[in-house]
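**Q** Provided herewith is a single structure, encoded as structure tokens, for subsequent inquiry.
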Amino acid sequence: MNGAAELRILGETLWLHPERAVIWPRHSAIIVADTHFGKSSALARHGLAIPAGSDGRDRARLSRLVSEFSASRLIILGDFLHEPLPLQSREAAEMQTWSESLGDTKIQVIAGNHDRGVSTGWRGYIEWITNEHREPPFRFIHNDSKHSTRRAVFSLSGHVHPVIALRGLRKRASRVPAFWLRKQGLILPSFGLFTGGHLITPAKGDRLFAVSPEQVVPFPTR
């Protein structure tokens, strides 16, 4: 798989894709975290000058992934929406059109903290899952840190928006998204292009994978 990094976890093969997604071939599934659809319009409503178009680009990226891998499922690990979308809003109509364009691809959302209150607005033809979803050998959850970390269950989660610092020749650091592999699970970078990131400090034994637009590469840790 061009540009992707292969992981073998508990007998399963996962591919870490440059589009900040995990591909689970055996189950024909694409897994992403923290899309935060509606964030730019939400901030604009609060008077901030925010460039439009990030939602459309992110939806197009997801559509390309679904098409490229003929995915039967799209799993979002929380914070699918930045805030509830009013039923009659333009954003809700755009999300509905996009979700319908995926055809038979099933969309499953493990609700995150930003998804609270979504029942009062647009829900779409989506399976909303509260707290977590278990599908051996994995557990899908939004924020792994607030739940049990029993070693018998390997978690795929989001929430953190992990980034790492790359230092150049002039000692200037550029921050790039990263997959963060820990003993108890894998934390995905945020999928949304307009979501920001959190500079992480890996523990001993952790592995990091830096994400560029073209490839995912192992990043050395101490």
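The values are calculated or read from the model by the stated rules, or taken from the named source; none is laboratory data. Here the structure is a predicted model, which means the values were calculated and not measured. Cβ: placed from backbone, ideal geometry, glycine included. Neighbour counts: every protein chain shown. Surface accessibility is based on the protein's heavy atoms, side chains included, excluding ligands, DNA and RNA. Shrake-Rupley method; radii C 1.70, N 1.55, O 1.52, S 1.80 Å.
**Q** Below 8 Å between Cα atoms, with a sequence gap of 6+, how large is the relative contact order for the chain in percent?
**A** For the chain, the relative contact order is 20 percent.
**Q** Now, a different point. Accessible area per residue for the range 1-146 in Å², computed with a 1.4 Å probe and the full protein assembly in place, what is it?
**A** Accessible area per residue: 46 Å².
**Q** Debye sum, Cα scatterers, the chain, no solvent: what log₁₀ I/I(0) at q = 0.08, 0.13, 0.15, 0.17 1/Å?
**A** -0.27, -0.74, -0.99, -1.27
**Q** Give the residue from Leu102, His27, Phe191 lying farthest towards the positive end of the charge dipole for the chain; charges sit on Cβ (+1 for Lys and Arg, -1 for Asp and Glu) and the dipole is referred to the Cα centre.
**A** Of the listed residues, the answer is Phe191.
**Q** Return the FRET efficiency for the residue pair Arg167, Glu214: r is the Cβ-Cβ distance, R0 is 35 Å, and the value is rounded to the nearest 0.05.
**A** Computed FRET efficiency for Arg167 and Glu214 comes out at 0.95.
**Q** Separate question: Report the residues of the range 179-204 in range of a label on Thr221: point 7 Å along Cα→C-beta, backbone N strictly under 12 Å from it.
**A** 179-187, 200-204
**Q** With each run of n ≥ 4 DSSP H residues scored as -39500 (n - 2.57), what mean residue ellipticity at 222 nm is computed for the chain after dividing by its residue count and rounding to the nearest 500 deg cm²/dmol?
**A** Taken over the chain, the calculation gives -4500 deg cm²/dmol.
**Q** Additional query: What's the ranking of 80-91, 12-23, 96-107 by average number of surrounding C-beta atoms within 10 Å, highest first?
**A** Highest-to-lowest ranking by the protection proxy: 12-23, 80-91, 96-107.
**Q** Follow-up. Under 10 Å, Cα contacts only: if you run a Gaussian network model on the chain, which one of Asp115, Asp206, Asp79 comes out with the highest mean-square fluctuation?
**A** For the chain, modelled as a Gaussian network with Cα springs under 10 Å, the answer is Asp206.
**Q** Less than 10 Å Cβ to Cβ from Leu186, Lys/Arg counted +1 and Asp/Glu -1: what total charge do the surrounding residues give?
**A** In short, +1.
**Q** Would you tally the net charge around Phe80, using a Cβ to Cβ cut-off of less than 13 Å, leaving Phe80 out, and scoring K and R as +1, D and E as -1?
**A** Taking every other residue near Phe80 into account, the sum is -4.
**Q** Could you give the distance between the Cα centres of the range 84-125 and the range 191-222, to the whole Å?
**A** Each part's Cα centre sits 28 Å from the other's.
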